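No value in this document is a laboratory result; all are computed from the given coordinates. Just so it is clear, the model here is predicted, and its values are computed rather than measured. Glycine gets a Cβ as well: all are built from the backbone with ideal geometry, and neighbour counts include every protein chain shown.
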Amino acid sequence: MSYVKIGFGGGCHWCTEAVFQSLHGIIKVEQGYIASTDQNNYFSEAVVVTYDPQTIELHDLIEIHLHTHKSTSNHSFRKKYRSAIYYFNDHEKEVIAAIISKLNPDFDNKLITQILKFQSFQSSREELLNYYNNNPEKPFCKRYIHPKLQLLKEKYAHKTKGLI
């Protein structure tokens with residue numbers, strides 16, 4: 001079986017981790033910080049997702065990512081929460097760009113999500129990993145993560161493991 005890796009950054013990595021952990025076909029979600037190259041060589045909150053492309057397609061992962069964070073908003077925290085998709089192989093860059101272009105009309109404003117080369121990863125501290133599953137009743141989870149999972153349940157129920 002051949003699994004594929006891709007990185008996603010957007011909002012808080014606790015939220016992004018919970019979203020991708022909820023999907024069928026996800027083998028592993030590593031929560032932490034990703035750095036790219038050139039002007040994006042600093043670390044920003046993100047996750048590395050290992051998935052089975054026979055179970056869930058890249059298009060679905062990208063669509064879900066774009067709908068579960070502020071992918072059209074260039075807010076003041078973008079350095080910490082860079083809206084990005086990180087590719088591991090150069091041939092993926094064009095595929096990701098085509099998917100984003102196809103999905104852009106689904107949004108009221110233009111997507112600002114960057115397509116960046118994966119350079120390096122730093123894991124979050126152990127006590128922060130698997131955050132939602134370990135702390136579903138915490139106020140942060142109820143306020144920020146639960147609504148994202150509710151969106152998945154409503155819009156992508158056939159892709160999820162059975163939520164909330």
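So how far, in whole Å, is the C-alpha centre of region 1-70 from the one of region 108-140?
A separation of 8 Å, based on Cα centres.
Less than 20 Å apart at the alpha-carbon level, and either on another chain or at least 8 residues along: which aspartates and glutamates does that give for K5?
Qualifying aspartates and glutamates at Cα under 20 Å: E17, E30, E45, D52, E57, D60, E63, D90, E92, E94.
Principal axes first, then extents: for the Cα atoms of region 93-164, list largest minus smallest coordinate on each axis, whole Å, largest first.
Cα spread of region 93-164 along its principal axes, largest to smallest: 38, 34, 23 Å.
May I ask which of K138/K161; K80/K159; K70/K102 have a Cα-Cα span longer than 26 Å here? Before the final figure, lay out each step's value.
Details: K138/K161 22 Å; K80/K159 29 Å; K70/K102 18 Å.
The pairs that break the limit, which is 26 Å between Cα atoms, are K80/K159.
Do any GluC sites (Glu not before Pro) in region 2-83 lie in a DSSP loop with no more than 14 other beta carbon atoms within 10 Å, and if so, which?
The qualifying sites are E57.
Each residue of region 127-137 in turn: what ³J(HN,Hα) in whole Hz from Karplus with 6.51, -1.76, 1.60 and θ = phi - 60°, glycine and Pro shown as x?
Whole-Hz 3J(HN,Hα) from phi for region 127-137: 5, 9, 6, 6, 4, 5, 4, 8, 9, x, 8.
Note down the Stokes-Einstein diffusion coefficient of region 1-86 in µm²/s, whole number, using a Kirkwood radius over alpha carbon pairs, 37 °C, and 0.692 mPa s. Working shown, then result.
Numbers: Rh = 12.9 Å.
Reported coefficient: 254 µm²/s.
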